[in-house]
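Have a look at the structure below, then the notes.
The values are calculated or read from the model by the stated rules, or taken from the named source; none is laboratory data. Keep in mind that this is a model prediction, so the values were computed, not measured. Using ideal geometry, Cβ is built from the backbone for each residue, glycine included, and neighbour counts are taken over all protein chains shown. Heads up: the accessible areas ignore ligands, DNA and RNA and are worked out on the full protein's heavy atoms, side chains in. Shrake-Rupley method; radii C 1.70, N 1.55, O 1.52, S 1.80 Å.
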Amino acid sequence: MATVRFNLRSADIDKPQPIYLIFRHRNLKVKYSTGLKCSPPHWNKHTQRVRNTTSEPNKDRINNLLNDLQAEAIRWASEVLAARLPIVGEDFRQHLDEYTGRVKAEGKTFLQFVAAFIEEAPNRNLPTTGRPPARNTIQKFERCFALLQEFVKETGFALDFDTVNLDFYNDFTSFLQDKDYSRNYVGKQIANVKTFMGEATRRGLNTNLTYQSRYFRKLQEESDSIYLTVEELEAIQRLDLADNPRLDRVRDLFLVGAWTGLRFSDFTTISREHIQGDLIHIEQFKTAEKVVIPIHSVVRAILDKYDGDLPAAISNQKMNNYIKEVSQLAGITTPIIKGGTRGGKRISERFKKWELVTTHTARRSFATNAYQSGIPAISIMKITGHRTESAFLKYIKLSKEEHARIVARQWAQVGSALKPV
């Protein structure tokens, strides 16, 4: 016999909590979000309804809706069993979706739309570049899709176009924080959801614009990313790796990135066709931005070492692992305290600097070292391909002391026009 209960998501929080319908039949359990909420102090867990209190003005409406849902769930189950058909969880969800009037856009739920959006991505050209999105971008979409599926499965949230609202925003961010993800990672998933909703809106499949609200914002905090100083890059360059071709090739590719400011997807593709005299002419894969980069002496020596063509690239993940080995061998062991928000809590972790080196550290090192040497920001941006100064400045990872030394150097070079009185 099928049974229906109603529970709050949490009884230990003061703010209103989603009310879930719990449907059971034999070994089947389905958790379905009613779309309703109630504050835990106003909820009677024995009657599974809102208490008769003046503090909850919508109590009658909520209780009537719960009564209707319970009656409809039992009626549906009885009808299915009378027809000697199996009770299937997805059929139950679909029936309640239809009963509650949750409309499907073009026959697709939000998750079905996202799945189709990801599947067609390799064949869809971006308006900004005229090319399909990069594989790592598609992988980020796939990861977000998997997290959304986990969210629905674990919470029972009735996710669809019309329910991507502030309740969803709060529940999804809480779900991700409970999994101990960083604040920036949570923010990236919210950004992906906004991308999905934006595309659905553009296609005329969605009319819910809550995702555009300033409250539906991408969580973000400044990360304690590192850069390598010129001295540390020289230490990597001096390593004798003749007996380790694997690390030798990775070291060389990383140094090319550190002295060109290119991303991994670009510095690993440099070949003789990109070289014009003392300049590298290349179109960035991610943005389709064409940049011209002077060839640093270190880059020239590496190009000569490989007869004008760099060694074949390996995966970004493998190179991230190998460059840590290289950095450790180079003695890059400065203690680093890395702060951030994880699981909704502020934490600090201790590392040795080599543990934090990745392929993107090369690009960040180029921008920071160039800025520190006095090269104008606009000139560096023409090389890195940054279109706005705010985006570029995120790459400048100097401490307050380093900024103070830059100012002191400028004072020393220019001299003071003021004389003591």
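Structure data summary
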{"quantity": "Modelled FRET efficiency - R0 60 Å, Asp60 with Ser390, Cβ distances, 0.05 increments", "calculated": "0.70"}
{"quantity": "Trypsin sites (Lys or Arg not before Pro) lying in DSSP loop within region 115-172, provided at most 16 other Cβ fall within 10 Å", "calculated": "Arg124"}
{"quantity": "5 angstrom amide H check on Gln17, placed H, neighbours 5+ away", "calculated": "Cys38, Ser39"}
{"quantity": "Calculated from backbone phi, Karplus (6.51, -1.76, 1.60) coupling profile of region 327-335 in Hz, x at Gly/Pro", "calculated": "5, 5, 4, 7, x, 8, 10, 4, x"}
{"quantity": "Within region 15-60, trypsin sites (Lys or Arg not before Pro) in DSSP loop having at most 13 other beta-carbon neighbours inside 10 Å", "calculated": "Arg26, Lys45"}
{"quantity": "Share of carbon and sulfur in the accessible heavy-atom surface of the chain [1.4 Å probe, %]", "calculated": "50 percent"}
{"quantity": "Rounded to whole Hz, the Karplus (6.51, -1.76, 1.60) HN-Hα couplings of region 199-205, x for glycine and proline", "calculated": "5, 5, 5, 4, 7, x, 9"}
{"quantity": "Cα shape, region 1-107, gyration tensor, a/c 1.5 rule", "calculated": "prolate"}
{"quantity": "Mean separation of Cα contacts under 8 Å (6+ apart) over length of the chain, as relative contact order %", "calculated": "12 percent"}
{"quantity": "Heavy-atom accessible area order for Trp411, Trp43, largest first, 1.4 Å probe", "calculated": "Trp411, Trp43"}
{"quantity": "Options Ala121, Ala134, Trp76, ranked by Cα towards positive dipole end of the chain, top entry (Cβ charges)", "calculated": "Trp76"}
{"quantity": "Gyration tensor verdict on region 122-209 (Cα atoms; rounded if a/c is under 1.5, prolate if a/b is larger than b/c, oblate otherwise)", "calculated": "oblate"}
{"quantity": "Sorted largest first, extent of region 27-72 alpha carbons per principal axis (Å)", "calculated": "38, 19, 18"}
{"quantity": "Rounded to the nearest 20 debye, dipole of the chain from Cβ charges on Lys, Arg, Asp, Glu", "calculated": "920 debye"}
{"quantity": "Spatial extent of the chain: Rg and Dmax, with the Cα atoms as the point set, Å", "calculated": "28.3, 102"}
{"quantity": "Cα gyration tensor shape for region 296-405, rounded if a/c is under 1.5, else prolate or oblate", "calculated": "oblate"}
{"quantity": "Neighbour-limited loop hits for chymotrypsin sites (Phe, Trp or Tyr not before Pro), region 142-217 (at most 11 other Cβ within 10 Å; DSSP other than H, G, I, E, B)", "calculated": "Tyr215"}
{"quantity": "Assigned charges on the beta-carbon of Lys, Arg, Asp, Glu; region 231-354 dipole about Cα centre (debye)", "calculated": "960 debye"}
{"quantity": "Phe6 long-range amide H proximity, modeled H, under 5 Å", "calculated": "Ile22"}
{"quantity": "10 Å Cβ shell holding at most 13 others, DSSP loop, GluC sites (Glu not before Pro): longest site-free stretch of the chain", "calculated": "223-421"}
{"quantity": "Derived scalar couplings ³J(HN,Hα) [region 295-309; Karplus, 6.51 cos²θ - 1.76 cosθ + 1.60; whole Hz; x for Gly, Pro]", "calculated": "7, 5, 4, 5, 5, 4, 5, 5, 4, 4, 4, 10, 6, x, 10"}
{"quantity": "Residues of the chain: accessible area per residue with a 1.4 Å probe, Å²", "calculated": "55 Å²"}
{"quantity": "Residues with amide H under 5 Å from that of Arg49, placed H, sequence gap 5 or more", "calculated": "Asn44"}
